[in-house]
Amino acid sequence: MEFFCVEEDIWASGQPSVADFEVFRRQGGCSIICLREEHEPGHLRDVSNIVKKMGMIYCHHPTIVPDDIHRSHAEVLGGLLESLPRKVLIYCKSANRVGGLLALWAYFLRGSSVEEALAYGRKGGMLDLELQITQLLRLA
């Protein structure tokens, strides 16, 4: 799995394998945030326990596209990022949701410009959501 370095202590990815979680832990990883619904195809079973047995913290913040791609979900993600020990890995199926929420977080909560927020989201793996995120930011 490819990990995207958004910031030194904030990383993003698509669905990691158990081995990927172990690699992240060995590289200093402390916390995992999952944006996937538990019933999504390809979602690891019992991922919470797998991550906890590795000594990392696991948080589940299910985010459905496009319904949950808005400011309030970005605020929840921001709260998790503020409270969790870093280095943090945020993941979904492809990293698209991760990047989208990070773009919204950068704009609404960190004061980034539209262009800066979109660039931040791309660093986190945003691809297909870019048009939707751009429209949300331009209307804000």
Could you please give the count of residues in region 8-43 that are outside any helix (DSSP H, G or I), within 17 Å of the chain's Cα centre (by Cα) and within 22 Å of Leu81 (Cβ to Cβ)? 20
When you scan region 62-75, do you find a residue that is surrounded by 13 or more Cβ atoms within 10 Å (Cβ to Cβ) and among the acidic types (Asp, Glu), even just one? yes
I'd like to verify a number: residues in region 114-127 that are over 18 Å from Val76 (Cβ atoms), surrounded by fewer than 24 Cβ atoms within 10 Å (Cβ to Cβ) and in contact with a Leu (Cβ under 9 Å, 6 or more places away or on another chain), how many? 3
Among residues of region 27-85, those that are hydroxyl-bearing (Ser, Thr, Tyr) and closer than 15 Å to Ser17 by Cα, counted: 2
I want to confirm something. Restricting to region 48-70 and keeping residues that are at pLDDT 95 or above and among the β-branched types (Val, Ile, Thr), which single residue is nearest to Trp105 (Cα to Cα)? Ile57
Among residues belonging to region 60-83 that are of a type in the set (Val, Ile, Thr) and in a loop (DSSP other than H, G, I, E, B), point out the one that is nearest to Ser31 (Cα to Cα). Thr63
Take the conditions surrounded by fewer than 20 Cβ atoms within 10 Å (Cβ to Cβ), at pLDDT 95 or above and closer than 14 Å to Ile10 by Cβ and apply them to Leu102. Does it pass? no
Testing Glu37 on (1) acidic (Asp, Glu); (2) surrounded by 13 or more Cβ atoms within 10 Å (Cβ to Cβ); (3) more than 20 Å from Gly100 (Cβ to Cβ), one condition comes back false. Which one is that? (3)
Which one of Ser17, Ser31, Ser48, Ser83 is surrounded by 20 or more Cβ atoms within 10 Å (Cβ to Cβ), over 26 Å from Ala140 (Cα atoms) and among the polar types (S, T, N, Q)? Ser31
Take Arg86 and decide whether it is part of a helix (DSSP H, G or I), under 15 Å from Ala12 (Cα atoms) and among the basic types (Lys, Arg). no
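The values are calculated or read from the model by the stated rules, or taken from the named source; none is laboratory data. The shown structure was predicted, so the numbers you read here are calculated from the model rather than taken from an experiment. Virtual Cβ from ideal backbone geometry, glycine too; neighbours counted across all protein chains shown.
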